[in-house]
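Comments concern the structure below.
The values are calculated or read from the model by the stated rules, or taken from the named source; none is laboratory data. This is a predicted model, so every value here is computed, not measured. Every residue, glycine among them, receives a Cβ derived from its backbone with ideal geometry; neighbour counts consider all protein chains shown.
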Amino acid sequence: MRWSVSALLLIALIPAAAAQAPSPAPKVDPADLRALAANYELANADGDRKCPITLEQKPAGPGYVLVYDRPVCTKLFGFLSQVTAWLPGVGGSIRFVRADGRTIAEFTEGVGGQYEAIREGDAVYFLANLQFVDPKEFAQPADLVGIWNLSRPGGPPICQLEFSDQPSGDEGFQLKLQPGCDESLTRFDQVSWRIDRGDVVLQSKQGERLRFGKQEGGGWAKVPELPRPLVMSRP
């Protein structure tokens, strides 16, 4: 039997086309879908990169529709360039998947509508469900104004900071180190502070940041804690 060149080429391309076809969306519990579909904010661990994202219930390839400003957000979060849809995952997690159904990032549920994804070889990312983020639960600038001690956990103060309510040039407020601060903090050269996602962020002249998360007892602890833990408390 003779085969034309075009027929042979067509047969050769069939397996490749099948391999590239998107995986069909798996069956999803409608209740899980409704519970997770909402408006979110994607952020990095430092909180200096953020992207509003909506998870919709409309099917899209291997999952469901993700709505966000693609040109802007893919510059901030490179892995989003591979993402085409989202899916509910095991244990209430949220999966960002590419066209073939492979998981690019899986956000596991924490507390207060917060989800966390650890991408191996990349970084840690957070996804916050905005309907559960209550601004009233966050500290307000007026709550921070005044003198604060910085210390190692369980140790004496190594520096005193004065939080001002006067604006600084970087959308924050002016910050002043009191005399006698530890050399490691004077080198950091903190010049401003602000509240970001409920955390207190101290910024240096060089743009470096120290982030402190609120503790149950009312104090603040550096995030991440290691390698040099710090706590911030009132005198």
Ala85: small (Gly, Ala, Ser) and in contact with a Leu (Cβ under 7 Å, 6 or more places away or on another chain), yes or no?
yes
Using beta carbons and a limit of 6 Å, which pairs, at least six apart or on different chains, have the first residue in segment 165-186 and in contact (Cβ under 8 Å) with a residue 12 or more places away in the chain and the second one among the small types (Gly, Ala, Ser) and part of a strand (DSSP E or B)?
Ser168/Ser192; Asp170/Ser192; Gly172/Ser192; Phe173/Ser164; Gln174/Ser164; Leu175/Ser192
Please verify whether segment 103-113 includes one or more residues that are free of Cβ contacts under 8 Å to residues at least 12 places away in the same chain, within 30 Å of Val201 (Cα to Cα) and not assigned by TED's automatic domain parsing to the domain that holds Val200.
yes
Suppose we filter Leu161, Leu175 for residues that are at negative phi, in a strand (DSSP E or B) and in contact with a Lys or Arg (Cβ under 8 Å, 6 or more places away or on another chain); which single one remains?
Leu161
Is segment 86-95 home to any residue that is at pLDDT below 90, surrounded by 13 or more Cβ atoms within 10 Å (Cβ to Cβ), of a type in the set (A, V, I, L, M, F, W, C) and over 30 Å from Arg211 (Cβ atoms)?
no
Just to be sure I understand, how many residues within segment 152-209 are among the small types (Gly, Ala, Ser), within 18 Å of Pro224 (Cβ to Cβ) and touching a Leu at 6+ places or on another chain (Cβ under 9 Å)?
1
Which count do you get for residues in segment 71-86 that are of a type in the set (A, V, I, L, M, F, W, C) and in contact with a Pro (Cβ under 8 Å, 6 or more places away or on another chain)?
1
Would you check if there is a residue in segment 123-141 being more than 18 Å from the chain's Cα centre (by Cα) and surrounded by 11 or more Cβ atoms within 10 Å (Cβ to Cβ)?
yes
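Matching residues to (1) modelled with pLDDT of 80 or more; (2) of a type outside the set (Val, Ile, Thr); (3) out of contact with any Ser or Thr (no Cβ under 9 Å at 6 or more places or on another chain); (4) in a strand (DSSP E or B):
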| position | (1), (2), (3), (4) |
| --- | --- |
| Arg194 | yes, yes, no, yes |
| Val200 | yes, no, yes, yes |
| Gln206 | yes, yes, yes, no |
| Gly213 | yes, yes, yes, yes |
| Gly217 | no, yes, no, no |
| Lys222 | yes, yes, yes, yes |
| Glu225 | no, yes, yes, no |
Please tell me if Leu10 is modelled with pLDDT of 90 or more and of a type in the set (A, V, I, L, M).
no
